[in-house]
Amino acid sequence: MNYLAHAYLSFHQPEILVGNMISDFVKGKQKLQYATGIQEGISLHRFIDSYTDEHPATKQAKEIFRPHYRLYAGAFVDVVYDHFLATDNSIFTDESLEEFAITTYQLLDPYAAVFPERFARMFPYMKTQNWLYHYKDKWGIENSLHGVVRRATYLTESATAFALFEDRYNDLQICYNWFFPELQAAVKGWINEYKSHKPGTA
């Protein structure tokens with residue numbers, strides 16, 4: 001999953017949100033440098049990524065991109081899933097998506113001092129360009145797919161990925177519709193399990 005899903009699955013808990021958003025920039029035991037709540041968010045992010053990668057719907061969606069992008073297919077699917085989340089009428093209206101995006105930036109702002117360097121450089125662009133809101137727009141997805149290529153070592157173009165997104169839109173949406181409710185349930189189960197083993201909890 002990409003940034004919108006990780007933000008949404010943090011359930012407005014500020015430290016969990018921070019950890020969930022910065023996790024890709026925190027390697028291994030570096031997470032121990034952070035407050036307990038942020039560590040929980042980092043662990044939650046890693047659970048979400050693992051669950052997403054292993055889900056049969058994701059494996060099916062990856063096959064759309066794999067012939068052209070091989071190991072990077074999953075990164076493109078992550079972006080596409082955020083589009084379907086942003087346009088999921090059972091979760092967001094246009095107005096509530098914009099409100100959610102603004103609230104997310106506001107919750108993250110006070111923690112800027114603890115952001116890893118790469119996330120700290122990226123966050124102002126995320127906020128001013130309102131990435132979380134514009135996942136709903138196809139041009140926003142086109143930009144995000146290009147961002148995957150820009151950060152990748154071995155990729156040179158994203159036009160094919162965007163064409164596949166448009167051509168196989170219905171197939172990809174079916175994968176999202178199958179996958180995301182199961183992910184939500186898995187995340188809630190993970191959080192309950194985590195809390196039950198957390199020191200100081202009953």
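The values are calculated or read from the model by the stated rules, or taken from the named source; none is laboratory data. Every value quoted in this text rests on a predicted model; they were computed, and no experiment measured them. Cβ placement follows ideal geometry from the backbone for every residue including glycine, while neighbour counts extend to all protein chains displayed.
Between residues in the range 116-127 that are of a type outside the set (Gly, Ala, Ser) and residues that are part of a helix (DSSP H, G or I), which pairs lie under 6 Å by C-beta distance while being six or more apart or on different chains? Listed by first residue and then by second, the contacts come to Pro116/Ile22; Pro116/Phe25; Arg118/Phe25; Phe119/Ile22; Phe119/Phe25; Lys127/Tyr105. Please enumerate the residues belonging to the range 174-190 that are closer than 14 Å to Pro56 by Cα and crowded, with 17+ Cβ neighbours inside 10 Å. If the condition is that a residue be closer than 14 Å to Pro56 by Cα and crowded, with 17+ Cβ neighbours inside 10 Å, then Cys175, Tyr176, Phe179, Phe180, Leu183 are the ones that fit. If we scan the range 159-173, do we find a residue that is closer than 21 Å to Ala61 by Cβ, in contact with a helix residue (DSSP H, G or I) (Cβ under 6 Å, 6 or more places away or on another chain), of a type in the set (S, T, N, Q) and assigned to a helix (DSSP H, G or I)? Looking through the range 159-173, at least one residue is closer than 21 Å to Ala61 by Cβ, in contact with a helix residue (DSSP H, G or I) (Cβ under 6 Å, 6 or more places away or on another chain), of a type in the set (S, T, N, Q) and assigned to a helix (DSSP H, G or I).
Within the range 77-95, residues that are closer than 16 Å to Arg168 by Cβ sit with their Cβ atoms under 6 Å from residues that are at pLDDT below 95 and outside any helix (DSSP H, G or I), at 6+ positions apart or across chains, in these pairs: Asp78/Met1; Asp78/Asn2; Val79/Asn2; Tyr81/Met1.
Of the helices (runs of 4 or more DSSP H) contained entirely in the range 49-149, those carrying at least 1 residues that are modelled with pLDDT of 95 or more, closer than 18 Å to Ala161 by Cβ and not small (Gly, Ala, Ser) fall at 56-69, 73-86, 131-134.
Okay, residues lined up against (1) farther than 20 Å from Gly147 by Cβ; (2) of a type in the set (Asp, Glu); (3) surrounded by 18 or more Cβ atoms within 10 Å (Cβ to Cβ):
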| site | (1), (2), (3) |
| --- | --- |
| Gly41 | yes, no, yes |
| Pro56 | yes, no, no |
| Asp88 | yes, yes, no |
| Glu99 | yes, yes, no |
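What about His68, is it surrounded by fewer than 20 Cβ atoms within 10 Å (Cβ to Cβ), of a type outside the set (Phe, Trp, Tyr) and touching a helix residue (DSSP H, G or I) at 6+ places or on another chain (Cβ under 6 Å)? Spelling it out, His68 is indeed surrounded by fewer than 20 Cβ atoms within 10 Å (Cβ to Cβ), of a type outside the set (Phe, Trp, Tyr) and touching a helix residue (DSSP H, G or I) at 6+ places or on another chain (Cβ under 6 Å).
Scanning the range 123-155 for residues that are closer than 16 Å to Met21 by Cα, in contact with a Phe, Trp or Tyr (Cβ under 9 Å, 6 or more places away or on another chain) and surrounded by fewer than 18 Cβ atoms within 10 Å (Cβ to Cβ) returns Tyr125, Met126, Lys127, Asn130.
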